[in-house]
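In what follows, a structure is listed as structure tokens, so that the remarks can point back to it.
The values are calculated or read from the model by the stated rules, or taken from the named source; none is laboratory data. Computed from a predicted model, the values in this text were never measured in an experiment. Glycine gets a Cβ as well: all are built from the backbone with ideal geometry, and neighbour counts include every protein chain shown.
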Amino acid sequence: MQTITISTPYITLGQFLKEAGVIDSGGAAKWYLAENSVEINGVEDNRRGRKLVAGDKVILNDGNQFTLAQE
């Protein structure tokens, strides 16, 4: 499991995908989420504006797992 550290109270799912290196730009999040499943804390979600906070666990469809931590 990889850890993504955030310095703000939350980041959006689109920002997370960019920070994790899954997409190259924030604009690609819409297309990525339309074609790939993402689980947040065990629940599938495809809203790029979904707010993620420290402690959230994200699993991508390729099996990569991430947890968010506060800086």
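Summary of values
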read-out: Residue, nearest to Ile4 (Cα to Cα), within the range 21-71, restricted to residues that are surrounded by 14 or more Cβ atoms within 10 Å (Cβ to Cβ) and aromatic (Phe, Trp, Tyr); value: Phe66
read-out: Considering residues of the range 1-19 that are among the hydrophobic types (A, V, I, L, M, F, W, C) and over 11 Å from the mean Cα position of the chain (by Cα) only, the residue nearest to Lys51 (Cα to Cα); value: Ile6
read-out: Qualifying residues in the range 5-20 (those that are of a type in the set (A, V, I, L, M, F, W, C) and crowded, with 18+ Cβ neighbours inside 10 Å) - the one farthest from Val43 (Cα to Cα); value: Ile6
read-out: Qualifying residue in the range 35-42 (condition: aliphatic (A, V, I, L, M) and at pLDDT 95 or above); value: yes
read-out: Of the criteria (1) at pLDDT below 95; (2) over 11 Å from the mean Cα position of the chain (by Cα); (3) of a type outside the set (Phe, Trp, Tyr), which one Val22 fails; value: (2)
read-out: Within the range 2-34, considering residues that are small (Gly, Ala, Ser) and assigned to a helix (DSSP H, G or I), the one nearest to Asp56 (Cα to Cα); value: Gly14
read-out: Some residue of the range 35-42 being in contact (Cβ under 8 Å) with a residue 24 or more places away in the chain and assigned to a loop (DSSP other than H, G, I, E, B); value: yes
read-out: Among residues of the range 43-71, those that are of a type in the set (A, V, I, L, M, F, W, C), within 16 Å of Ala20 (Cβ to Cβ), part of a strand (DSSP E or B) and out of contact with any helix residue (DSSP H, G or I) (no Cβ under 7 Å at 6 or more places or on another chain), counted; value: 5
read-out: Pairs with Cβ under 6 Å, 6+ apart, first in the range 51-71 and more than 15 Å from Leu33 (Cα to Cα), second hydroxyl-bearing (Ser, Thr, Tyr) and loosely packed, with under 12 Cβ neighbours inside 10 Å; value: Thr67/Thr3; Ala69/Thr3; Ala69/Thr5; Glu71/Thr5; Glu71/Ser7
read-out: Count of residues meeting criterion [of a type in the set (Val, Ile, Thr) and on the phi > 0 side of the Ramachandran plot] in the range 50-67; value: 0
